[in-house]
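Notes follow the structure.
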Amino acid sequence: MAKLRWLGHAAFQITTAEGRQIYIDPWLEGNPSCPVAKGDLEVADLVLVTHDHHDHLGDAAALLAAGDAVAVGQPELIGQLEAAGVPVEKLIGMNIGGSVEVAGVVVTMTQAFHSAARGGPVGYILTLAQGQVIYHAGDTGIFSDMELLGKLYDIDVALLPIGSVYTMDPFQAAAAVELISPQVVFPMHYGTFPALVQDAAEFSQLVAKRTPHVKVIVLKPGEKWEF
Ligand SMILES: [Zn+2]
């Protein structure tokens, strides 16, 4: 069994069946909805960052300081980590459409529609060794090629932003669920700041109406789900 843990905002920890630790968008310190101190987390094997905004790049460099952790990201973002003192042997540059295998997980980079100071915003599709497929959309508006991603990768678990203002709102995110057609969807990137949508109620209702076969799981920050 693998475990998915929401660390608040867009930050997730995935523990694979083999015990490898993957962190996505690890904004921990200063994240008002992260309930865990960075020092209390398991040492990372793989760190993925969707774009260089502070609420996503977060504590990536600090997580990479321990153990043999490796980061994967667009070359421009990898350059920022290198400038922050992360040794080059811990950094893997890639780009949209490509896949790399790290820590027993196949990481595929996808497009996202957002902005970034350097490089572009992206999402990730992770294929675990047992076959589970997880899509972290990053920060994005809806786009019709989400349907193509769903067809190509048979996505089991989708992690989608619903908070509006900077990303999809509940209306767009529910339509994205229909395009992606996952088994399970977890809303993210809401409730962190007063400007964002504060809860997942509207999103849950819209998905239940539009795609009742897709299960919405609303975690509290810090909670885990096994799959
Ligand atoms: Zn963000």
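A few remarks follow.
- Cut-off under 5 Å, modelled amide H: who pairs with Val47 long-range: Tyr23, Val70, Ala71, Val72
- Entry note, the chain: the mean residue ellipticity at 222 nm calculated from DSSP H runs of n ≥ 4, each adding -39500 (n - 2.57), is -5500 deg cm²/dmol after division by the residues and rounding to the nearest 500.
- Here the 3J(HN,Hα) profile of segment 97-102, calculated from phi with Karplus coefficients 6.51, -1.76 and 1.60 at θ = phi - 60°, is x, x, 10, 9, 10, 9 Hz, Gly and Pro shown as x.
- When each of the peptides 151-160, 69-78 is scored by the mean number of other C-beta atoms lying within 10 Å of its residues, the order from highest to lowest reads 69-78, 151-160.
- Karplus-derived HN-Hα couplings along segment 112-128 (A = 6.51, B = -1.76, C = 1.60, θ = phi - 60°), whole Hz, x at Gly and Pro: 8, 10, 6, 9, 7, 5, 9, x, x, x, 9, x, 9, 10, 10, 10, 7
- Cα gyration tensor, segment 1-56 - rounded (a/c under 1.5), prolate or oblate: prolate
- Anisotropy class of the chain from Cα gyration tensor, a/c 1.5 cut: rounded
- The string of couplings for segment 21-28 from the Karplus curve (6.51, -1.76, 1.60, θ = phi - 60°) is 10, 10, 10, 10, 6, x, 8, 10 Hz, one whole number per residue in order, with x for Gly and Pro.
- Amide proton proximity set for Leu28, modelled H, under 5 Å, gap of 5+: Asp59
- Highest GNM mean-square fluctuation among His53, His213, His189, for the chain modelled with Cα contacts below 10 Å: His213.
- Listed pairs Lys38/Lys151; Lys151/Lys224; Lys151/Lys220 exceeding 32 Å between Cα atoms: Lys38/Lys151
- The shape of segment 47-142 comes out oblate: with a ≥ b ≥ c from the C-alpha gyration tensor, a/c is at least 1.5 while a/b does not beat b/c.
- Amide H within-cut-off set for Val214, under 5 Å, with H built and near neighbours excluded: none
No lab work stands behind these numbers, since they all come straight from the coordinates. Keep in mind it's a predicted model, so treat the numbers as computed, not measured. In this analysis, Cβ positions are derived from the backbone assuming ideal geometry, glycine residues included, and neighbour counts consider all displayed protein chains.
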